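Taking it in order: structure first as structure tokens, then the write-up.
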Amino acid sequence: MALTDLIILGSGPAGLTAAIYAVRGGLKTTVVEGPNPGGQLIWTTEVENYPGFPEPIMGPELMNLFRKQVERLGAEFISGEATNVDFSKRPLKIIVDNTDYEADAVIVATGASARLLGLESEQRLRGKGISYCATCDGYFFKNKDVMVVGGGDTAIEDAIFLSNIARSVTVVHRRDELRAIKIIRERVFKIKNIKFLWSHVVKEICGEKKVEGVRLLNLKNEGTQEYRCDGVFIAIGYIPNTGIFKVQLELNEAGYIKVQNNTETAKEGVFVAGDVADWIYRQAVTSAGSGCQAAIDAIKYLEYLKE
């Protein structure tokens, strides 16, 4: 079992940026790819808000460029997903497909997964009019009609954001009142191009090559009806990918890793980057920035150990 300087869990913008800085900082670095190499951007079509690209770039292409840069610098990649960890003693241990790996430091960049509706049509049209990030994709629906599914803070903030871009925004919520905090509720009800469909759930997202509408079920009378729209923003929450860390690291009530001093955890030598700790911004550029921070902190930590 070879000992390495740093193991990075995750290969999205946070993990790969951390790898770039770690290798350039002189660390022998190993990246565990995770179940979805490239992170959430592999499900994204055009990316227009990542700096350095005058023309839109496809999400998978962007992450392929990230990876090529990391490979050129010399980081090692391990395919597969970490199934267990042991941060109770040094060296830190990561188990991937029944194989143990050890490191002096670890960066957790396993991200978060959007909660899905669980529909076949959702999988088929993902990235073709279905989005889980209004800030990322709202611009592509300028002067179009969109639906937002959900009734919590995120859904209503997304609806407000989209109201400045789209022609109309319809909020579909399974209850007959919003769960969002009062100040957001008061604001959204004043916006003229936002309307609500209460006590409805999405039964199907319609369209062959792109979203053309939705079929909704009225929970009060059990009737179904189709509504035309150009896009569907699903905002029913995110699930941080922290299942294997529940015993090892401190998590908040929503399951995100608690961070201190920017990227540190309560476990010495374990750092965090990206959406696994960030439930506010959830952007590729902020994830990349936190990956940079975590790598620099890990470098400083390992230098301290050598003193």
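The values are calculated or read from the model by the stated rules, or taken from the named source; none is laboratory data. Computed from a prediction, not measured in an experiment: that's the story for all the values here. As a convention, Cβ positions derive from the backbone with ideal geometry for all residues, glycine included, and neighbour counts pool all protein chains shown.
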Pairing a residue in segment 281-300 that is free of Cβ contacts under 8 Å to residues at least 40 places away in the same chain with any residue that is among the hydroxyl-bearing types (Ser, Thr, Tyr), where Cβ atoms lie under 9 Å and the two sit 6 or more apart in sequence or on different chains, gives TYR281/THR135; TYR281/SER287; GLN293/TYR21; GLN293/THR263; ASP297/THR263
With the first residue restricted to segment 144-171 and required to be closer than 12 Å to ASN193 by Cβ and at pLDDT below 95, and the second required to be small (Gly, Ala, Ser) and assigned to a helix (DSSP H, G or I), Cβ contacts under 9 Å at 6 or more apart or on different chains are none
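Let's see how each residue does on (1) part of a loop (DSSP other than H, G, I, E, B); (2) of a type in the set (Ser, Thr, Tyr); (3) over 21 Å from the mean Cα position of the chain (by Cα):
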{"position": "TYR139", "(1), (2), (3)": "no, yes, no"}
{"position": "PHE161", "(1), (2), (3)": "no, no, no"}
{"position": "VAL169", "(1), (2), (3)": "no, no, yes"}
{"position": "LEU178", "(1), (2), (3)": "yes, no, yes"}
{"position": "LYS195", "(1), (2), (3)": "no, no, yes"}
{"position": "LYS210", "(1), (2), (3)": "yes, no, yes"}
ARG115: passes all of (1) touching a residue at least 24 places away in the same chain (Cβ under 8 Å); (2) within 23 Å of CYS292 (Cα to Cα); (3) within 17 Å of the chain's Cα centre (by Cα) but (2)
Segment 1-104: strands (runs of 3 or more DSSP E) wholly inside it with 3 or more residues that are within 25 Å of ILE239 (Cβ to Cβ) and at pLDDT 95 or above are 3-9, 82-86, 92-96
LYS220 passes all but one of the listed conditions (1) part of a loop (DSSP other than H, G, I, E, B); (2) touching a residue at least 60 places away in the same chain (Cβ under 8 Å); (3) assigned by TED's automatic domain parsing to the domain that holds VAL149; the exception is number (2)
